[in-house]
1. As I understand it, the value is the acute angle between the Cα axis of helix B:237-265 and the longest principal axis of the Cα atoms of chain B; what does it come to in degrees, rounded to 10?
2. Tell me, which residues of the range A:116-131 get at least 50 Å² less accessible area when the other protein chains come in, versus the chain alone (1.4 Å probe)?
3. Given the protein assembly as shown, what percent of its DSSP beta bridges are antiparallel, to the nearest 5?
4. Full-extension gain between B:L57 and B:L308, please, as 0.36 nm times their residue separation minus the C-alpha to C-alpha distance.
5. Beyond 21 Å between alpha-carbons counts as too far, so tell me which of A:K93/A:K206; A:K152/A:K206; A:K243/A:K297; A:K206/A:K243 fall in that bin.
6. Find the relative contact order for the range A:1-103 and round it to a whole percent, using C-alpha pairs within less than 8 Å whose residues are 6+ positions apart.
7. What do you get for the angle between helix B:145-163 and the principal long axis of chain B? Use alpha-carbon atoms, 0 to 90 degrees, nearest ten.
8. Would you please state the base-10 log of I(q)/I(0) at q = 0.09, 0.12, 0.13, 0.15 1/Å for chain B, with intensities from the Debye formula using one equal scatterer on every alpha carbon?
Amino acid sequence: MATNLLEVNNLKTYFYTRGGVVKAVNDVSFTIKPGETLGVVGESGCGKSVTALSVMHLIANPPGKIVDGHINFNGEDLLEKSTEELSDIRGSKISMIFQDPMTSLNPVFTVGYQIAETVKRHRKDVTNDQAWKRTVEMLDLVHIPDAKRRAKSYPHEFSGGMRQRVMIAIALACNPQLLIADEPTTALDVTIQAQVLELMKGLSQKYRTAVMLITHDLGVVAGTCQHVNVMYAGHIIESASVKQIFETPAHPYTVGLLQSIPRLDEQRGTRLTSIPGQPPDLINPLVGCPYAPRCPKVQARCHEERPELMPVGRGEQVAACFYPN
Amino acid sequence: MIQFLLKRLVGLIFVLFCVTFITFIMGYLAPGDPIHFIMGQHFNVKLYLQLRHLYGLDLPWYQQYFNFLVHILHFDFGYSYKQQQLTVISIITTNLPVTLELGVWALLLQFLIGIPLGILCAIKANTWIDTANMGTALLVYSIPGFVLAVFVRFAIAQIDQATGAGWPPTGWGNPWQYTWPDIQAKLAPILVFALGGAAYIARLARTSMLEVLRQDYIRTARAKGLRERIVIYRHALRNALIPLVTTFGYSLGFLVTGAFFIENIFNIPGLGSITVTSVSTRDYPVIQATVILLTIAIVLGNLLSDILYMIIDPRIKAE
Amino acid sequence: MSIQDKNTEMNDAGGMLSTTPISSPLHESTVDVDNQQEKPDQQKSLTPSQQSMRRFLQDKRAVISLGMIVFLVLVAIVGPPIYQHIGTPYTNDAGKQVGPEVYHNPYRHDLDFEDLPISARFWLGTDSVGADLLARLMQSLLISLSVAAAVEVVDILFGVTIGVLAGYYGGWIDQVLARITDVMFAFPGLLFAILLTGILGPASDQFLDTLPVIGQYGNARLIIVSIAFALTSWPVMARYVRGQTLQIKANQYIEAARTVGSSDFKIITRHIVPNLISIVIVASTLNIAGTIIGEAGISLLGLGVQDPGSSLGLMIAERADAIDTPHPWEVLLPCIVLAIIVLAFSFLGDGLRDTFDPRSKD
């Protein structure tokens, strides 16, 4: 079994605000193997983006702070590294793309410049010409037509989908081992979504890049990931292979998520199912299971003790529930 | 781009028409008969009519306005009422270099002090450096320039007394010359003049920089592994400076009006003081001339900064 | 802190931009969404106006500024009459009794009392012609505040009316307004004021000084000065209001109101203008600061209030050379008073702006 590319242990990231301390990521542990695509699913505010930014060590401080935990990448703890070492890793070993392509590119530099900049930053021995060649190569790779000419264009001359491709080009230019994609297709049209996801899937397979794909859309997960983490209230409450998540979901929250997806084969007139209740309070987390207030299977124990991730079913599937499915 | 320029030029011409017309009408409607004034004691009907004809004052108002405009285009503002041997232009050109020197230096200093200060405060936002500087800037910017000027003059006088340094509290040295006595005389007025603008620009630069630092593309730059120095000075700065370009033109308006006060408090013989004296002596041609010239400068300044803005921001260029 | 805010906060920290909808602050009659969710231990939500009030009171600088302004306004209005009754009469060289209503009069010239420092009789000393400085300062303050108030009233009346019409209807009103503001931007207020006072000033002294109260004591020019500033401020206000009107107009509740059949007049008065109030208040406060500076400036240049009247600017101009003398307070005092009142209005304006739109703070 290959050693893990990324090992996150007991990560805690808090935000210190005027209203209180927001425990955005509250004891999260997971691993990613080389070449594996991990999906991280959850509703807005569950902590998935903050987890990703913590791995990249891009949490704005103030008000945020990684309070505890270890992030082991290739065996080394990223949280112990200096700023210089971290900036060496970002963009070359671990890359990240973000949700809104419209604002993620600097409007005053050409697209080609922004790609070449990454190359030159991380490959010191590369000449300007070589960097530019690589830039055009990357643009071709992400299927930007007429790459040589378009490299000299500015971001505002591209559509949303194309800008996201440019972002992918920037992220993959230095052949990273891990690509973190934070809701990369949420802001795009559905048809473009499919294209961009296909692109990512193809490239990651070709270059054996591990991918951490963050999304709230289970459909996206189904098509691209091998393994899935489901997050809620700053915890991972279920972790399983993609097949297991869809076929035998264990945690009631996962079950609820799957049930709330409208289905084509449902009878007309059936009401849509939703998960009742409020999103969790991250400043004053409840004692016990964070999902307890909304869980249809809740028992007394759920309010008193917080369940850890424990094996359910077969294989590696784990869920943090005392009364899983 | 050409289209835009043409539109602006048309607007500019319209504005100039209005301004010249307003200035002209003021002079025309001004109570008091200038010829009477000039003749003073030696009133003689024949001479009066001759003079009226000479000054073109017996023509209908629209013709007078037309002549007015034509003359302006030749930079001919007529003769001063007060000092009849001198043309208005000569009076203005005598005093213009002084005001120009004051204004140019102040403009330069404003930006040279303001922008770095603002950027620094943005980078160190909410630290004591930021609060201290921005607090001072707020004070300096809110207090009117001439009040600051008085305080500074007072400070100079006190320092003079205490140390016997002998810095001249008022007056201006030789225009555009920089011997030590010249610098002594000019330093205080220029600094005071620049301070208000610098404070304003610093606040603007800080806000702009903070706004830019919040943008997604800055996060992308960091995620790419770029060093913080590069992120700030290459990616953020250029975007932050764009809105500041437009202040360049507008600050001309403030400069022009501020000059009046600084010249007054520091007894500087520039365009401002000429205008003020000509008001009390009812030397209308001089007043009109300075107002028109200054307005033209302001309008051109605005146009210049609009053009600069277009050049700098690639998003606008495309339109 | 509501759930909404927290999620936004987190999203901001996570780097994603949050979008907060611009809601109509005045529609308290619409369903109060907050109260619908079950929050048993949440207090009753405050209306936006109450929230603003609370925010304002938390801004110490703004509250102090407001207090200072109120104080100075009171001093300017009630000060002189009171002051003229304080103090004991003294006997002068001619053997006459001179009471406080005489020697505390700002227009009095008495060369026996030139350049005196602070004393019991003259609370802030006297100036070069023997007039009581405190009395003159109070008079000047009154003038500054009056001019500013007058200008602001015109500014608001014209600016808001024309701005709203231009923004709401567009068309020729908008075009004309745009042209006018173009010209006004080119013609700085000061230049225009110089032009106006310079050319019409001396005449106004002659014609207007017959007016009661205002016209005497060289204050006649104030009318011209006020007109000049009013003329140059309202286009700026109108432009600003126009912009805001356009923004408000784009909101869906305006569309909703129209679908329900509200007339234009109703929409304007009930939806647009109330939403403009906060913005207009901020702009006015800041404009008042500017007018005070402007009036002082004009008087400084000798084009405004004339002797024997007093204006802060005039006092500064008259005694600018006092800096080198043993009695510099004659020029420093008006400077300080001017600085204080301008700072007070500026800080108040800033505070108001932060209250009504906290997002504009860094």
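The values are calculated or read from the model by the stated rules, or taken from the named source; none is laboratory data. Computed from a predicted structure; not experimentally measured. Every residue, glycine among them, receives a Cβ derived from its backbone with ideal geometry; neighbour counts consider all protein chains shown. All accessible areas refer to the heavy atoms of the entire protein, side chains included, with ligands and DNA or RNA removed. Shrake-Rupley method; radii C 1.70, N 1.55, O 1.52, S 1.80 Å.
1. 40 degrees
2. Listed by number, the residues meeting the 50 Å² cut-off are A:E117, A:R121.
3. So the antiparallel bridges in the protein assembly as shown amount to around 65 percent.
4. On the way: separation 251, 0.36 × 251 = 90.36 nm, distance 4.33 nm.
Using 0.36 nm per residue and subtracting the Cα-Cα distance, I get 86.0 nm.
5. Details: A:K93/A:K206 16 Å; A:K152/A:K206 27 Å; A:K243/A:K297 23 Å; A:K206/A:K243 23 Å.
Over 21 Å Cα-Cα: A:K152/A:K206; A:K243/A:K297; A:K206/A:K243.
6. Values: 144 pairs, mean separation 32.5, N = 103.
Rounded, it is 32 percent for the range A:1-103.
7. It is inclined by approximately 80 degrees.
8. Computed log10 I(q)/I(0) values: -0.63, -0.97, -1.07, -1.23.
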